[in-house]
Amino acid sequence: MKPKPAQRQIRLAVTSNAGGSGKTTLVTHLAYAIGVLGYKVTIIELDHNGSLCVYAGVQPVSSEKSMAAVFKKTFKGGYPLIPLWQNRVPNVTAILGGAPLEESFTDIYSAPRKYYTLKDRLEDHPLDADLVLIDTPATLEPMGQVMLAAATHLIAAVKPVHKDTWSMANLVYWYYEKLEELRLRPRPKIIGCVPSHVDLSKAIHREILGVDRPSKSRSSKPSRRTKRIDPEETLPYQLQQQGIAQLSSIRYCDYYLHAAKDGVPLYVSRPGCEFVEDFKPIVEAVVDLMTEV
């Protein structure tokens, strides 16, 4: 049973400006956890790499049964939904992307409202869902602008390495630039940044996140070689300067590899595993958005 009834549909895009940032992992785990609570969830995959098939344990589909069909001028509202983890949760569906999306670029650029195509589809033919999760590619064109126009909210996923944090800064710059170009009203809001693949045994992760090395015992002392962390170079400081919240970190563990191999979330692969607790604050934040009066 739902903890609270949904008051509005939230269209939440999980985005990044770097590959391998954990977007699909976050999307699938949010979909499952929020679906288990009783809410209707639909994943829209805008990534032509088709990672969702692996993480959700489903087969690739033809163009007519993918998101490519939604971008066609002939689309009349028959969304090609497929159920996910149906034996576990009956109210989570997806519209797959993958290779067929390559042909959608031409459809988008030739459409009268181009980047507003998905937004128009969702408003003209509303999905029966409390939460629409949009899984985006690492490249921002053209699907990034399609996503931005359609979304009500965004979450950014980032690995705590310098390349990805630099890409995060570029993503924020791109976000504000495109808000002005697309003249979006209301503006989709970034609800926070999620550090992913976090491993605090790695010095670079600790430096970027601004945390000390975990002590093995109470008597352990910092090494003289321990690098002093400059707060202004950390991800939390940079996010604070941009007015973006840092949400809970998703820790790295090999269990995700085994779960992906089986096409299920960690909730199913390792029920009770401590790592699934990392998603709880993010799930609560999204449910609050759906249920606030």
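Per-structure values
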item	result
Prolate/oblate/rounded label for segment 71-136 (Cα gyration tensor, a/c 1.5)	prolate
Heavy-atom accessible area order for Lys2, Lys189, largest first, 1.4 Å probe	Lys189, Lys2
For the chain, size of Cβ-based charge dipole, Lys and Arg +1, Asp and Glu -1, in debye	660 debye
Cα convex hull of segment 14-71, projected area averaged across orientations, nm²	4.6 nm²
Inter-part distance where segment 67-140 and segment 260-277 are each reduced to a Cα centre, Å	27 Å
Accessible area of Asp254 in the full protein assembly, 1.4 Å probe (Å², nearest 10)	80 Å²
Intensity falloff of the chain expressed as log10 I(q)/I(0), Debye formula with alpha-carbon point scatterers, at q = 0.12, 0.13, 0.14, 0.15 Å⁻¹	-0.77, -0.90, -1.04, -1.18
Listed pairs Lys73/Lys114; Lys23/Lys73; Lys23/Lys189; Lys40/Lys159 exceeding 22 Å between Cα atoms	Lys23/Lys73; Lys40/Lys159
Dipole-positive endmost among Tyr175, Pro126, Gln240 within the chain (Cβ charges, Cα centre)	Gln240
Over segment 113-184, relative contact order from alpha-carbon pairs under 8 Å, at least 6 apart, %	32 percent
Value at 222 nm in deg cm²/dmol, rounded to 500, when DSSP H runs of n ≥ 4 in the chain each add -39,500 (n - 2.57)	-10000 deg cm²/dmol
Segment 90-148: relative contact order in percent, alpha carbon pairs under 8 Å with at least 6 residues between	32 percent
Inter-label distance for Tyr255 and Glu181, nm, one decimal - labels placed 7 Å from Cα along Cα-to-Cβ	4.1 nm
Relative contact order (percent, whole number), segment 1-147, Cα cutoff 8 Å, 6+ residue spacing	38 percent
Nearest-0.05 FRET efficiency for Lys163 and Tyr237, computed from C-beta distance (R0 22 Å)	0.75
Approximate shape of segment 107-155 as ellipsoid semi-axes (Cα gyration tensor, √5λ), whole Å, largest first	18, 15, 7
Estimated FRET transfer efficiency (Asn87, Ala245; beta-carbon r; R0 30 Å; 0.05)	0.25
Sequence of His205, His125 from largest to smallest accessible area, 1.4 Å probe	His125, His205
Selection from Pro231, Val61, Ile34 lying farthest towards where the dipole of the chain points positive, charges on Cβ	Pro231
Segment Leu200-Thr139, extension gain: residue separation times 0.36 nm, minus the distance between their alpha carbons	19.1 nm
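The values are calculated or read from the model by the stated rules, or taken from the named source; none is laboratory data. This one's a predicted model, so the numbers in the text were calculated from it and none came from an experiment. Please note: Cβ atoms are built from the backbone with ideal geometry, for glycine as well, and neighbour counts cover all protein chains shown. Areas reflect the complete protein model, heavy atoms only, side chains present, ligands, DNA and RNA absent. Shrake-Rupley method; radii C 1.70, N 1.55, O 1.52, S 1.80 Å.
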